[in-house]
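Structure, as structure tokens:
Throughout, read-outs are computed from the coordinates displayed, never taken from laboratory work. The model shown is predicted, which means the values in this text are computed figures rather than measured ones. As a convention, Cβ positions derive from the backbone with ideal geometry for all residues, glycine included, and neighbour counts pool all protein chains shown.
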Amino acid sequence: MLGHSTPRRFALLLALTSSLFAAQAAEVSSAERVETTPGLSPDAVRGVFNRRRQELARCMRLTYLRKVNDPNAKADSRDEWESVVWKELPDTDDRVQLRFALSPEGRVVKGDARDAFFSVRGLYLYTSCVENIIETWSFPPFPSGGMEPGAMKVTVQVEVWARFRTTAAERQTALTRMREELTALCGALSALGTPNQPPAREQWVAAISRFLAERGPRLDPGLHPGIEAMGQLLVEDGFHIYESMTESAIGARIECPVVRSWLKKE
């Protein structure tokens, strides 16, 4: 499905996939179990999680990346990946596990220091999306411990277990909505020129800005960053983002022949 992918395009697809999410009615359960190391009580963490847990529902998984399995493919294209619609199995585990460390200020530890104890597990969720959300949460502060010059600050390690499940109908509704929005964007861009005659970059930027302004809150929030990025690039590079975004968002390419005709021929 990715055709002639490149390392740069694959990296872009991974980034877009991890950032895509959709608002829906599915519910993240209250914390079933919370464990903390000394310094902050499990109840303090539980209170924050239970107040903000529904934010994680925006990370509902719709697609996933899989390696293209084509024995007839050329040797240099066997490392290609494709985005396909995710489907649950009857016994799919609906548990969600969050593991992170907190600084004495009650903030999630970021950067290299977090890697030793930072992970999200949940088959129904885009884990990178969840990571980005919990990084913004604030928890009660606690004593830092080391007061001597050069002493390392004490962190509290946290583990939270909850549950999250969506239905196939909910996921299909989200996929249909995003397909409609991306098809509408194709139509708006196609109207800017004619086959083999691309518009000026100023027209391209203005059309994307107008599309974002007109759609407003109706636009799926997971698509907004990718569409916004399109308006910051030349037509050719912007359309490559559009194609990667459609594949990662809905697991399929939306044909947009007029815009595709503007791309340089290899």
Problem set entry | Partners for LYS264 among aspartates and glutamates (Cα-Cα distance below 18 Å; same-chain residues under 8 apart left out) | GLU236, ASP237, GLU243, GLU255
Exercise. In a shell of Cβ-Cβ distance under 11 Å around LEU219, excluding LEU219 itself, what net charge do Lys and Arg (+1) and Asp and Glu (-1) give?
Worked result: -2
Problem set entry | Whole-number Å³ per residue for the convex hull built on Cα positions in segment 176-244 | 81
For this session: Excluding ASP94 itself, calculate the net charge of residues whose Cβ lies under 15 Å from the Cβ of ASP94, where each Lys or Arg counts +1 and each Asp or Glu counts -1.
Result: +3
